[in-house]
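The values are calculated or read from the model by the stated rules, or taken from the named source; none is laboratory data. For clarity, every value in this text was computed on a predicted model and none was experimentally measured. Methodologically, a virtual Cβ is constructed for each residue, glycine included, from the backbone with ideal geometry; neighbour enumeration extends over all protein chains shown.
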Amino acid sequence: MALRPALRPGPEERRLRSEPGSILKALGKITSFNGGNIVTTSNPVARTTSNCYLIGMVTNGLWVRHDDPPISGPTHGYRCDSEYVTAPNS
């Protein structure tokens, strides 16, 4: 029972549950998404994607993200040269 207060929804969660369509309205305001750099940055509202991709290699039986360019760089390890990626509807 000690966890019960932590499991109760807060005021923001209660508001979102009480207003029909409020979650969709909130999602409609997200114009930049990258999931913490797990995927390339895209704009879900405009339905646009990026021209970036990454290179993975199998090393010792495991998929390993190849760091060229470096993961600590401005593109977070993604190559953004657009040579091999064609955006939808282009």
(request) May I ask you to list the residues in the stretch 47-72 that are closer than 20 Å to Gly36 by Cβ and of a type in the set (Val, Ile, Thr)? (result) Thr48, Thr49, Ile55, Val64, Ile71
(message) Take Val58 and tell me if it is modelled with pLDDT of 85 or more, of a type in the set (A, V, I, L, M, F, W, C) and outside any loop (DSSP other than H, G, I, E, B).
(response) yes
(request) Check whether at least one residue in the stretch 80-89 is among the hydroxyl-bearing types (Ser, Thr, Tyr), surrounded by 11 or more Cβ atoms within 10 Å (Cβ to Cβ), assigned to a loop (DSSP other than H, G, I, E, B) and modelled with pLDDT under 80, and report yes or no. (result) yes
(message) Every residue in the stretch 8-47 that is hydroxyl-bearing (Ser, Thr, Tyr), closer than 27 Å to Ile71 by Cβ and either modelled with pLDDT under 70 or part of a loop (DSSP other than H, G, I, E, B) (or both), please.
(response) Thr31, Ser32, Thr40, Thr41
